[in-house]
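*Asks:* After the structure tokens below, expect a handful of questions from me.
The values are calculated or read from the model by the stated rules, or taken from the named source; none is laboratory data. Source: prediction; values computed, not measured. All Cβ positions, even for glycine, are placed from backbone atoms using ideal geometry, and neighbour counts span all protein chains on display. Remember, those area values only see protein heavy atoms, side chains included, never the ligands or the DNA or RNA. Shrake-Rupley method; radii C 1.70, N 1.55, O 1.52, S 1.80 Å.
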Amino acid sequence: METNGEVLFLNTTTDGKAFASKGHLCHDDSSPVVKAQTIDELHSLQKKKSVPTTPKTHHPDEDLQKLHLQSISASLASLTRETGPKVKSVKQQLDYLTPASLSTSDSALKFTHILYNLSPAELYEHAIKHEKGSFITSSGAIATLSGAKTGRSPKDKRVVKDDTTAAELWWDKGSPNIEMDEHTFLVNRERAVDYLNSLETVFVNDQFLNWDSNNRIKVRIVSARAYHSLFMHNMCIRPTLEELQNFGTPDFTIYNAGQFPCNRYTNYMTSSTTINLNLSRREMVILGTQYAGEMKKGLFSLMHYLMPKRGILSLHSGCNMGRNVDVALFFGLSGTGKTTLSTDHNRFLIGDDEHCWSDAGVSNIEGGCYAKCLDLSPEKEPDIFNAIKFGTVLENVVFEEHSREVDYADKSVTENTRASYPIEYIPNAKIPCVGPHPKNVILLACDAFGVLPPVSKLTLAQTMYHFISGYTALVAGTEEGIKEPQATFSACFGAAFVMLHPTKYAAMLADKMRKYGTTAWLVNTGWCGGRYGVGSRIKLANTRRLIDAIHSGSLLKAEYKKTEVFGLEIPAAVDGVPSEILDPMNAWDDKEAYRETLKKLAGLFKKNFEVFANYSVGGESKLTEEILAAGPIF
Ligand SMILES: Nc1ncnc2c1ncn2[C@@H]1O[C@H](COP(=O)(O)OP(=O)(O)OP(=O)(O)O)[C@@H](O)[C@H]1O
Ligand SMILES: O=C([O-])CC(=O)C(=O)O
Ligand SMILES: [Ca+2]
Ligand SMILES: [Mn+2]
């Protein structure tokens, strides 16, 4: 208990009264006393004053901070139709807060305590105290339950169709953008805001998207759960104290009232869950689902709208970089290996799921990763396993009651168990998360039919064909209701998030690949030696070796032959990989079954592509013809 070089002792006098004496060493074995007169004082010593967070103790900026939080609270309470809560100058804030400006309902008068950009430790405490199902696991990560929904609800997504978006967005068959009108959006917004406002406390995160500083987007997330606030703390880019003080008005605001349902009798609603995007108001509303991935992918949809307007391609892809500054992008639908394969101990991680490709190179949109945890092991995925520590959010995992050891094989809650952690939890993360133009583009498909080769080289037209097709076979339930493997086509390897017509993104990709001389590959991370149920999933170690050969450039030098039907160029040999798996025809015992399955899959590709046959890619009829010809021929 040494302070300022002085020591305090508690001595007891003969009459039993305690007094503090200064400096006198007396050989008494009673321990030194704390420098506090009361319990409250003692507790106040435990915490050092800090910024930025909810002001609890006085510091010079207290008044300003208080006003800042009050203005957020007031904008929640107010029934204004403003574009989200605005942070104003002190003078404006004072005007804003005069009683005359508040309407007279009780909810408008209520002060909702704003917990602003809390730290992971503070959020842990809130979650553990107030949110059932929150526990500290043995590695220090916080385990949480996302409630009834353990995956996204794409059928419940609605996008406001107004004069601008009617013309700009993709609305046709196959589009993820199901329309709603402005009025209904406001009805749902009011419902979410009223719910949030009825709470004693709400969490507010002010953060950034996109490591490309010229194209950074400021987002505000208003949520009811510490789990949601910590998830977004991990997933978005965390501002420095200085950046936070100069944050100003957000470019986009999410109102997450996920515990509270929407009213099913509201127009356009088909269930009690709804995720609403209003691009003109720059707002998003979530009702009836607590699955945190809705916020992450809602913001990704926003980027899929904003970035192409600036000539920047937004991509559902992972990204890493070698020591030779060679960048690779990993495209693929959910569960195909973007996170697993971009997290590579021998390379620098730029990001695992969402990127931008501009004239300056690539940049990660996010500040964190979101890894699938089912069957996670320290042997196969050491970097991800070790990232699951204090600060990491573990969703829907099962753990041993006493030791709190997580059992990653247990899918009692869901197959879509997840870990969300800040990107710097991966030891070789490249920070800032930006890199030069990609040398390789790897299209990942988890082929449950087992007929696509483990690796093949693509022509530009084939790349476009497979990019627009976006094939995989979903295995786990990232999307509500999908439990069995099933062939899926999802344009741009993420149709659930595109806002514009897929050919717009495809044309930009073709353009950039040509300009920067990027080579593309198709990698099957799925089945081998037979379809699901007969063959087995390609060993992760083998996929990693194939990808190593792409990165090193050695695969470019291999001898190639063309496969039947899909016309894919497959290598005869790859270092360290059994050659018999490289040609799926060899890997299957039953050749007849192989040919039949191959044709079946080719038919599914063809049928899926019909809707795109009438679109020209980037207004180039030549490229469009080439793309159509690059599909399966049978
Ligand atoms: N050969 C393989 N290649 C890649 N992943 C494999 C392979 N075999 C098994 N897996 C497993 O498949 C899963 C791939 O999931 P991953 O988190 O990388 O998906 P993702 O593409 O990032 O999806 P999302 O967009 O939903 O985050 C991991 O659990 C990984 O362990
Ligand atoms: O959004 C999610 O729930 C997980 C994810 O990354 C995806 O589905 O692509
Ligand atoms: Ca991922
Ligand atoms: Mn994803």
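*Asks:* What tally of residues in segment 612-624 results from selecting those that are among the small types (Gly, Ala, Ser) and part of a helix (DSSP H, G or I)?
*Replies:* Going residue by residue through segment 612-624, those that are among the small types (Gly, Ala, Ser) are 613, 616, 618-619, 621.
When the remaining residues are screened for being part of a helix (DSSP H, G or I), the result is 621.
Residues in segment 612-624 being among the small types (Gly, Ala, Ser) and part of a helix (DSSP H, G or I): 1 in total.
*Asks:* Still on this structure, please answer the following. Which residues, counting only those in segment 132-161, are under 18 Å from SER334 (Cα atoms) and polar (S, T, N, Q)? Even if it seems obvious, please write down each step before you answer.
*Replies:* Of the residues in segment 132-161, the ones under 18 Å from SER334 (Cα atoms) are 149-155, 157.
Hits for segment 132-161 are THR150, SER153.
*Asks:* In addition: Quick test for you: out of SER213, SER198, pick the one residue that is surrounded by fewer than 21 Cβ atoms within 10 Å (Cβ to Cβ) and either assigned by TED's automatic domain parsing to the domain that holds ILE468 or within 21 Å of HIS233 (Cβ to Cβ) (or both).
*Replies:* Details: SER198 fails: either assigned by TED's automatic domain parsing to the domain that holds ILE468 or within 21 Å of HIS233 (Cβ to Cβ) (or both).
Among SER213, SER198, only SER213 is surrounded by fewer than 21 Cβ atoms within 10 Å (Cβ to Cβ) and either assigned by TED's automatic domain parsing to the domain that holds ILE468 or within 21 Å of HIS233 (Cβ to Cβ) (or both).
*Asks:* I've got another one for you. Could you list, in sequence order, all residues of segment 359-391 that are within 15 Å of ligand 2 (Cβ to nearest atom) and under 22 Å from THR414 (Cβ atoms)?
*Replies:* Result: GLY368, CYS369, TYR370, ALA371, LYS372, CYS373, LEU374, ILE384.
*Asks:* Let me ask something else. Looking only at residues in segment 133-161 that are among the basic types (Lys, Arg), more than 16 Å from ligand 1 (Cβ to nearest atom) and closer than 17 Å to THR289 by Cβ, which one is most open to solvent (accessible area, probe 1.4 Å)?
*Replies:* Among residues in segment 133-161 that are among the basic types (Lys, Arg), more than 16 Å from ligand 1 (Cβ to nearest atom) and closer than 17 Å to THR289 by Cβ, the one most open to solvent (accessible area, probe 1.4 Å) is LYS155.
*Asks:* Here's a follow-up. In segment 321-340, how many are under 28 Å from PHE252 (Cα atoms) and within 13 Å of ligand 3 (Cβ to nearest atom)? Spell out how you get there, then give the answer.
*Replies:* Initially, segment 321-340 is screened for residues under 28 Å from PHE252 (Cα atoms), giving 329-334, 338-339.
Then keep just the ones that are within 13 Å of ligand 3 (Cβ to nearest atom); that gives 330-334, 338-339.
Count: 7.
*Asks:* Report yes if some residue within segment 257-279 is outside any loop (DSSP other than H, G, I, E, B), within 15 Å of the chain's Cα centre (by Cα) and either within 16 Å of ligand 2 (Cβ to nearest atom) or buried (at least 22 other Cβ atoms within 10 Å of the Cβ) (or both); otherwise report no. Break it down stepwise before answering.
*Replies:* Step one: filter segment 257-279 for residues outside any loop (DSSP other than H, G, I, E, B), giving 257, 274-278.
Subsequent filtering for residues that are within 15 Å of the chain's Cα centre (by Cα) retains none.
No - not one qualifying residue is present in segment 257-279.
Residues checked against (1) more than 25 Å from ILE538 (Cα to Cα); (2) at pLDDT 95 or above; (3) assigned to a helix (DSSP H, G or I); (4) not assigned by TED's automatic domain parsing to the domain that holds HIS355:
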site	(1), (2), (3), (4)
PRO432	yes, yes, no, no
VAL441	no, yes, no, no
ALA448	no, no, no, no
PRO453	no, yes, no, no
SER456	no, yes, no, no
ALA461	yes, yes, yes, no
ALA473	no, no, no, no
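*Asks:* Among the residues that make up segment 341-348, is at least one of them assigned by TED's automatic domain parsing to the domain that holds VAL455, within 9 Å of ligand 3 (Cβ to nearest atom) and either surrounded by 24 or more Cβ atoms within 10 Å (Cβ to Cβ) or farther than 23 Å from ARG238 by Cβ (or both)?
*Replies:* First, the residues of segment 341-348 that are assigned by TED's automatic domain parsing to the domain that holds VAL455: 341-348.
Filter once more, so that each one left must be within 9 Å of ligand 3 (Cβ to nearest atom): 342.
With the extra rule that they be either surrounded by 24 or more Cβ atoms within 10 Å (Cβ to Cβ) or farther than 23 Å from ARG238 by Cβ (or both), the set shrinks to 342.
The answer is yes, given that some residue of segment 341-348 is assigned by TED's automatic domain parsing to the domain that holds VAL455, within 9 Å of ligand 3 (Cβ to nearest atom) and either surrounded by 24 or more Cβ atoms within 10 Å (Cβ to Cβ) or farther than 23 Å from ARG238 by Cβ (or both).
*Asks:* Continuing with the same structure: Under 6 Å by Cβ, and 6 or more places apart or on different chains, what pairs join a residue from segment 393-411 that is surrounded by fewer than 22 Cβ atoms within 10 Å (Cβ to Cβ) with one that is among the β-branched types (Val, Ile, Thr)?
*Replies:* Here the result reads PHE399/THR137; PHE399/VAL406; ARG404/THR137; ASP407/VAL398; ASP410/VAL398, each pair linking segment 393-411 to a residue that is among the β-branched types (Val, Ile, Thr).
*Asks:* Whether any residue in segment 565-572 is out of contact with any strand residue (DSSP E or B) (no Cβ under 9 Å at 6 or more places or on another chain), open to solvent by 30 Å² or more (accessible area, probe 1.4 Å) and touching a residue at least 24 places away in the same chain (Cβ under 8 Å) is what I want to check.
*Replies:* Applying the first criterion (out of contact with any strand residue (DSSP E or B) (no Cβ under 9 Å at 6 or more places or on another chain)) to segment 565-572 yields 565, 567.
Next cut, open to solvent by 30 Å² or more (accessible area, probe 1.4 Å) only: none.
No, every residue in segment 565-572 fails to be out of contact with any strand residue (DSSP E or B) (no Cβ under 9 Å at 6 or more places or on another chain), open to solvent by 30 Å² or more (accessible area, probe 1.4 Å) and touching a residue at least 24 places away in the same chain (Cβ under 8 Å).
*Asks:* Report, by residue number, each residue of segment 243-256 that is outside any strand (DSSP E or B) and open to solvent by less than 20 Å² (accessible area, probe 1.4 Å). Full working, then the answer.
*Replies:* The first filter runs over segment 243-256 and keeps only residues outside any strand (DSSP E or B), leaving 243-251.
Answer for segment 243-256, where residues must be outside any strand (DSSP E or B) and open to solvent by less than 20 Å² (accessible area, probe 1.4 Å): LEU244, PHE247, PRO250.
*Asks:* Hey, does segment 363-373 have a residue that's away from ligand 1 (no atom under 15 Å from the Cβ) and under 21 Å from ILE547 (Cβ atoms)?
*Replies:* Checked segment 363-373: no residue is away from ligand 1 (no atom under 15 Å from the Cβ) and under 21 Å from ILE547 (Cβ atoms).
*Asks:* Follow-up question, since we're still on this one. Looking at ASP40, ASP63 in this structure, which one is surrounded by 11 or more Cβ atoms within 10 Å (Cβ to Cβ), acidic (Asp, Glu) and modelled with pLDDT of 75 or more? Show your work before the answer.
*Replies:* Details: ASP40 fails: surrounded by 11 or more Cβ atoms within 10 Å (Cβ to Cβ).
ASP63 is the lone residue from the list that is surrounded by 11 or more Cβ atoms within 10 Å (Cβ to Cβ), acidic (Asp, Glu) and modelled with pLDDT of 75 or more.
*Asks:* Another question, then. Of the residues GLY318, GLY298, GLY351, GLY293, which is without any contact (Cβ under 8 Å) to a residue 40 or more places away in the chain and within 14 Å of the chain's Cα centre (by Cα)? Steps first, answer last, please.
*Replies:* On the way: GLY298 fails: without any contact (Cβ under 8 Å) to a residue 40 or more places away in the chain; GLY351 fails: without any contact (Cβ under 8 Å) to a residue 40 or more places away in the chain; GLY293 fails: without any contact (Cβ under 8 Å) to a residue 40 or more places away in the chain.
Testing whether each residue is without any contact (Cβ under 8 Å) to a residue 40 or more places away in the chain and within 14 Å of the chain's Cα centre (by Cα) leaves just GLY318.
*Asks:* Could you look through segment 297-350, keep only residues that are basic (Lys, Arg) and closer than 24 Å to LYS161 by Cβ, and pick out the one that is nearest to ligand 2 (Cβ to nearest atom)? Step through it out loud before you land on a result.
*Replies:* Our first condition is that a residue be basic (Lys, Arg); within segment 297-350, this holds for 297, 309-310, 323, 338, 347.
Next, only the ones that are closer than 24 Å to LYS161 by Cβ stay: 297, 309-310.
Values: LYS297: 4, LYS309: 23, ARG310: 23 Å.
Only one residue tops the list, namely LYS297.
*Asks:* I would also like to ask the following. Among MET284, MET307, which is the only one that is part of a strand (DSSP E or B) and under 19 Å from PHE208 (Cβ atoms)?
*Replies:* On the way: MET307 fails: part of a strand (DSSP E or B).
Checking each option against the conditions leaves just MET284.
*Asks:* Same structure again: Determine which member of the set GLY368, GLY351, GLY435 is more than 16 Å from ligand 3 (Cβ to nearest atom), farther than 30 Å from TYR594 by Cβ, among the small types (Gly, Ala, Ser) and surrounded by 23 or more Cβ atoms within 10 Å (Cβ to Cβ). Give the steps one after another, and end with the answer.
*Replies:* Working: GLY368 fails: more than 16 Å from ligand 3 (Cβ to nearest atom); GLY351 fails: more than 16 Å from ligand 3 (Cβ to nearest atom).
Going through GLY368, GLY351, GLY435 in turn, just one is more than 16 Å from ligand 3 (Cβ to nearest atom), farther than 30 Å from TYR594 by Cβ, among the small types (Gly, Ala, Ser) and surrounded by 23 or more Cβ atoms within 10 Å (Cβ to Cβ): GLY435.
*Asks:* Okay, next question. Select from segment 229-242 the residues that are closer than 23 Å to TYR305 by Cβ and in contact with a Gly (Cβ under 8 Å, 6 or more places away or on another chain) and write down the one among them that is surrounded by the fewest Cβ atoms within 10 Å (Cβ to Cβ).
*Replies:* Result: ILE237.
Let's see how each residue does on (1) of a type in the set (A, V, I, L, M); (2) surrounded by fewer than 24 Cβ atoms within 10 Å (Cβ to Cβ):
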| residue | (1), (2) |
| --- | --- |
| TYR305 | no, yes |
| PRO308 | no, yes |
| ASN320 | no, no |
| ALA328 | yes, no |
| ALA360 | yes, yes |
| ASN364 | no, no |
| ASP375 | no, yes |
| PHE385 | no, yes |
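*Asks:* Any residue in segment 518-540 that's open to solvent by 30 Å² or more (accessible area, probe 1.4 Å): show its pairings with residues that are among the small types (Gly, Ala, Ser) and away from ligand 4 (no atom under 16 Å from the Cβ) at Cβ separation under 7 Å, as long as the two are six or more apart or on different chains.
*Replies:* Close Cβ pairs satisfying both conditions: ARG531/ALA448; ARG531/GLY450; TYR532/ALA448; SER536/GLY529; ARG537/GLY526.
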